[in-house]
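Data block below; observations after.
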Amino acid sequence: MSLVMVIEDEEALSMLLSYNLEKEGYEVATVSNGLNAVSEVERLLPSVIILDWMLPEISGVEICKIIRSKPDIKTIPIIMLTAKSQEEDKIKGLSAGADDYVTKPFSVPELMARVKTNMRRAPLFEEKEKTLAFEDIFMDLVERKVKRGDNYLHLSPTEFRLLKMLIREPGKVFSREVLLKSVWGENIFVESRTVDVHIRRLRKSLNKYGPNYIRTVRANGYAIDKNAENDEADAEEED
Ligand code: CA
């Protein structure tokens, strides 16, 4: 059975989530204190984490950053739960490494749909291909590792999925809409700006060890392309 961990200090909300998750057939672990959160994640290794932004002692954003820095747990999908709805806060949450974002008050069916989508992306999901490569970039889909030359890259689960999508069909331009649908799921509402944020982070990780291979196709989308190098400056200008 798949375990979902709910990190939320509001007891009523935590109970509501547990009730609905169990109804969907998941096992649920709840954590109400931000200080225990990371050690509980390490102990229980949940398939998906629902993480509240506003926690006493330590914020959801901080917890997210810590989880993403730990090799054993960094690939676990994180859905950030928050009352903050400002665009800059969303970007901040995504930059901290969250895969998904739900603003309170949220609809329970929508959150359940997001759990399901993120569950499908959890590391247990079986891949047909075992490895993918483009030039000096190598992806091990089983171990979920990415190397550029001899250097291992630390990608979030979302960045990993984006790279996988691009690298499968070099040169093909993927629109933001197509990337959203494939990487985030059909019934999920995510703004197209979210794609740009994750692409920017992916590019930053990749470019540490070589030239830029992710081409921005203005008003269109992205492609992995050996001749993309000069596009990096263009892409940064758009911010
Ligand atoms: Ca809270």
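The values are calculated or read from the model by the stated rules, or taken from the named source; none is laboratory data. Since the model is a prediction, treat every value here as computed from it, not as a measurement. So basically every Cβ, Gly included, is an ideal-geometry build from the backbone, and we count neighbours across all protein chains shown. We work out accessible area using only protein heavy atoms, side chains counted, and drop any ligands, DNA or RNA first. Shrake-Rupley method; radii C 1.70, N 1.55, O 1.52, S 1.80 Å.
Data table
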item	result
Across Lys92/Lys208; Lys70/Lys130; Lys23/Lys172; Lys130/Lys181, pairs whose alpha-carbon gap is larger than 32 Å	Lys23/Lys172
Contour minus Cα-Cα distance for Glu57 and Ala12 (0.36 nm per residue)	14.3 nm
Segment Arg218-Glu24, extension gain: residue separation times 0.36 nm, minus the distance between their alpha carbons	65.7 nm
Ellipsoid equivalent to region 1-99 - semi-axes via the Cα gyration tensor, in Å	19, 16, 12
Folded to 0 to 90 degrees: helix 108-120 orientation relative to the chain principal axis, Cα	50 degrees
Label-point gap, in nm, between Leu44 and Lys92 - each point 7 angstrom along Cα→Cβ	2.7 nm
Folded to 0 to 90 degrees: helix 192-206 orientation relative to the chain principal axis, Cα	60 degrees
For Leu55, residues with placed amide H under 5 Å, excluding near neighbours	Gly60
Loop chymotrypsin sites (Phe, Trp or Tyr not before Pro), region 142-230 (other Cβ atoms within 10 Å of the site Cβ: 15 or fewer; DSSP)	Phe189
Counting DSSP beta bridges with both ends in the chain, the antiparallel % (nearest 5)	50 percent
Heavy-atom accessible surface of the chain: percent carbon and sulfur, 1.4 Å	48 percent
Thr131 versus Ser2: modelled label distance in nm, points set 7 Å from Cα along the beta carbon direction	2.9 nm
Heavy-atom accessible area order for Glu177, Glu11, Glu42, largest first, 1.4 Å probe	Glu11, Glu177, Glu42
222 nm mean residue ellipticity, helices alone, for the chain (DSSP H n ≥ 4; -39,500 (n - 2.57); rounded to 500)	-11500 deg cm²/dmol
Dmax and Rg, reported as Rg then Dmax, of the chain (C-alpha, Å)	17.7, 54
Dipole of the chain, positive end: most advanced residue of Gly60, Leu179, Met165 [Cβ charges, Cα centre]	Met165
Spread of Cα-to-Cα distances over 5 Å intervals beginning at zero, given as percent, for region 131-238	2, 13, 25, 27, 20, 10, 3, 0
Glu10 accessible area, 1.4 Å probe, all protein chains in place, Å² to nearest 10	100 Å²
Per residue solvent-accessible surface (Å²) - region 1-134, probe of 1.4 Å	49 Å²
Placed amide H near Thr30: partners under 5 Å, 5+ positions off or other chain	Val6
